[in-house]
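*Asks:* Dropping a structure here in structure tokens format, bear with me for questions.
Only the coordinates and a few stated rules stand behind these numbers; no lab work does. Just so you know, these numbers come straight off a predicted model, no measurement behind them. A quick note on method: Cβ atoms are made from the backbone with ideal geometry, for glycine too, and the neighbour counts reach across all protein chains shown.
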Amino acid sequence: MNDDVIYAWIRSSAAMLKLPLDPAWLPAIQAHVEVTFRLAKLIDEFPLPDEAEPAPVYEI
Amino acid sequence: MAEWTFANGHEIAAAVSRGETSAQAVVESALATIQTRDQVLNAFTDVTAERALARARSLDAARAAGKALGPLAGVPFAVKNLFEVEGLATRAGSKINRELAPAQHDSPLIEKMEAQGAVLVGALNMGEYAYDFTGENVHDGPSRNPHDVTRMTGGSSGGSGGAVAGGLVPIALGSDTNGSIRVPSSLCGIFGLKPTYGRLSRARSFPFVVSFDHLGPFARCTRDLALSYDAMQGFDAEDAGSVDRPVEPSLSNLSRGLEGLRIAVAGGYFRKQAYPEALQAVDRVAKALNVSREVEFPEVERARAAAYVITTTEGAALHIDRLRARASDFDPAVRDRLIAGAMIPASLVVKAQKFRRWYRDQVVALFKDVDAIIAPSTPCTAPVIGQQTFTLDGVTLPVRPNLGIYTQPISFIGLPVVAVPVPLKPLPIGVQIITAPWKEDIALRIAQSLEEQGVVSAPRPPLN
């Protein structure tokens, strides 16, 4: 992802969620968004059956 | 006044119960130690001296009246400041929450500890809203590691780690969402227990990520972990995650030894990204346990990734109103991570939760063949306070989120862990003893055996 795409995502998300966004915070937020999407990709690409259920209230 | 600093909790309780000292003398000693030593360690944010002395006097009066005292009689303890303590605002390491009205009641775990004779002496420093592995706090200052006060305690239960390692209290309580008991236990060289998810009540504590939040004890010996763990067990309908199981005391099995236990070392992911001392500690423990077998957790890198995604998004959901209203009052390092978390699509979070169930089934299956798995607690010993990056396997990474690379994939599915301290020089480091769900007693047995062999211990720090 290039910086323009990420900045556009961050600015749009902040507007939709009514979150404040100081320009000084942008580099750190960009870094966190990038890391999270990179890690989420590991999950996104992992095949699970349609029947796989999430564990929102977890019982072990 | 007798000097009780660095006495273990069970030693104090025995002395108080036998009348060799009074609870009041022990508590006065602890309060005096806190007053002097905490000026450097910065572990405490609140000292509840008046309450503690009143409680101690009532214990002494009960003994004088011939009443039996509990197994924690006169033992001073303190709690991470996300536990509700009657009369204190539950700040959870934040600037914002300290404006809340004082709590009306203690958390149930405090009540249970006190019901067994323990004496609450205060509340402890922590990373803001528990989103932290360092023990640093921009509002209250950093918790300082008693073994080298220029170094981190680890977090987010930093004050809990520093207070126990520094001899201010023998037992502290903390929380562990991704490693916040096990990381400070490792960096401070003490014992910590993260029980099975749902074992100990989280009621009346400030949450972080309810999918992963656990509470548990820190101590300087295994026996004190077992004593406090046993005191705190029990179902609590006030906590939606609490599981209705019978109390399963661990203390009576503590000295049963290792006979019949099948133990393995975690390979693969858990042998990578470590500094030599982390692997040296694991190998020393494995040798003492006569373990040569290695097992691999399946897809553990994805498990850590899923834990990361769920943490940042659930954390964002918890705090989004505060972010909208008072973003500038957050620790910037916490604020920026939470704002980023709010921007992650729900489809990825749901996939992470689906993966969690799959991973749980795979890992629980490992325990058909083994009773316990040994793994490092942290990739390194305590970094210097303020250190932003470290190099793991040649890659420079931020310290704050990566101190928990070995703890995060375990709490992700709620397995119980005892973190044991290996007293390496110049700094200690921890090892995780991981067991199947609800088998805390086995992890504690192994810890006790290692302690009896002298392989693990909480080293006494230099006191300058």
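*Asks:* Modelling each spin label as a point 7 Å along the Cα-to-Cβ direction, I'd like the B:ALA346/A:ALA31 distance in nm, to one decimal.
*Replies:* The modelled label-to-label distance comes out at 3.1 nm.
*Asks:* Could you list B:VAL40, A:VAL5, B:VAL349, B:VAL119 so that the one with the fewest beta carbons within 10 Å of its beta carbon is first and the one with the most is last?
*Replies:* Taking fewest neighbouring Cβ atoms as first place, the list is A:VAL5, B:VAL40, B:VAL349, B:VAL119.
*Asks:* How many angstrom lie between the C-alpha centres of segment B:197-239 and segment B:372-441?
*Replies:* If we compute the Cα centre of each part, the gap is 19 Å.
*Asks:* Can you grab the distance from the C-alpha centre of segment B:1-54 to the C-alpha centre of segment B:249-305, Å, no decimals?
*Replies:* Segment B:1-54 and segment B:249-305 have Cα centres separated by 35 Å.
*Asks:* Starting from the Cα of A:LYS41, draw a straight line to each of the lysines and keep only those under 27 Å, dropping any in the same chain fewer than 8 residues away.
*Replies:* A:LYS18, B:LYS272, B:LYS351, B:LYS354
*Asks:* With axes computed from alpha carbons, what is the tilt in degrees of helix A:26-44 against the longest principal axis of chain A, rounded to the nearest 10 within 0 to 90?
*Replies:* 20
*Asks:* Say each of A:MET16 and B:ASP393 gets a label point 7 Å from the Cα, pointing the same way as Cα to Cβ; how far apart are those two points in nm?
*Replies:* 3.4
*Asks:* For segment B:65-70, in order, what is each residue's ³J(HN,Hα) by Karplus, 6.51 cos²θ - 1.76 cosθ + 1.60 with θ = phi - 60°, in whole Hz (x at glycine and Pro)?
*Replies:* Along segment B:65-70, the couplings run 7, x, 7, 6, 9, x Hz.
*Asks:* In what sequence do A:LYS41, B:LYS194, B:LYS354 fall when counting other Cβ within 10 Å, fewest first?
*Replies:* Ordered by Cβ neighbours within 10 Å, fewest first: A:LYS41, B:LYS354, B:LYS194.
*Asks:* Give me a single rounded figure for A:23-33: the average over its residues of other chain Cβ atoms within 10 Å of their Cβ.
*Replies:* Rounded to a whole number, the mean comes out at 5.
*Asks:* On full extension of the chain, what length is gained from B:ALA68 through B:SER328, given 0.36 nm per residue of separation minus the C-alpha to C-alpha distance?
*Replies:* Stretched fully, the B:ALA68-B:SER328 segment lengthens by 88.4 nm.
*Asks:* Name the lysines eligible as straight-distance cross-link partners of B:LYS67: C-alpha to C-alpha under 21 Å, and not fewer than 8 places from it in the same chain.
*Replies:* B:LYS112
*Asks:* How far apart, in nanometres, would the label points at A:GLU45 and B:GLN39 be if each is projected 7 angstrom from Cα along the Cα-to-Cβ direction?
*Replies:* Using points 7 Å along Cα→Cβ, the separation is 5.7 nm.
*Asks:* Right, next: Each residue of segment B:191-201 in order: what ³J(HN,Hα) in whole Hz does its phi give by Karplus 6.51 cos²θ - 1.76 cosθ + 1.60, θ = phi - 60°, with x for Gly and Pro?
*Replies:* 8, x, 10, 9, x, 4, 4, x, 6, 10, 5
*Asks:* Name the long-range amide H neighbours of B:ASP132: under 5 Å, sequence gap of 5 or more, or other chain; modelled H, no Pro or chain starts.
*Replies:* Correct list: B:SER156.
*Asks:* Kindly state, to the nearest 0.05, the FRET efficiency for B:ALA115 paired with B:SER292, given R0 = 60 Å and r defined as their beta-carbon distance.
*Replies:* 0.85
*Asks:* Scan around B:PHE77 for amide H atoms under 5 Å from its own, H built in the peptide plane at 1.01 Å from N, and keep only partners 5 or more places away or cross-chain.
*Replies:* Counting only residues 5 or more places away or on other chains, the set is B:VAL119, B:LEU120, B:VAL121.
*Asks:* Further question: Report, as an integer, the average count of C-beta atoms from other chains found within 10 Å of each Cβ along B:326-338.
*Replies:* That works out to 3 on average.
*Asks:* Peptide A:12-22: average number of partner chain Cβ atoms within 10 Å per residue?
*Replies:* If you average over the peptide's residues, the count of other-chain Cβ atoms is 4.
*Asks:* Please list, or write none, the aspartates and glutamates whose alpha carbon is within less than 17 Å of the alpha carbon of B:LYS95, excluding same-chain residues fewer than 8 places away.
*Replies:* B:ASP46, B:GLU84, B:GLU128, B:ASP132, B:GLU136, B:ASP140, B:ASP321, B:ASP329, B:ASP331, B:ASP336
*Asks:* Net charge around B:GLY341, counting only other residues with Cβ within less than 11 Å of its Cβ (Lys, Arg = +1; Asp, Glu = -1)?
*Replies:* Combined, the nearby Lys, Arg, Asp and Glu give 0.
*Asks:* When B:SER205, B:SER29, B:SER186 are ordered from fewest to most other Cβ atoms inside 10 Å of their Cβ, what list results?
*Replies:* B:SER29, B:SER205, B:SER186
*Asks:* On full extension of the chain, what length is gained from B:LYS272 through B:ARG98, given 0.36 nm per residue of separation minus the C-alpha to C-alpha distance?
*Replies:* 58.6 nm
*Asks:* Net charge near B:SER157, counting Lys/Arg +1 and Asp/Glu -1 over other residues with Cβ under 10 Å of its Cβ?
*Replies:* Result for the local shell: 0.
*Asks:* Taking the Cα centroid of segment B:137-194 and of segment B:57-88, what is the distance between the two, rounded to the nearest whole Å?
*Replies:* 22
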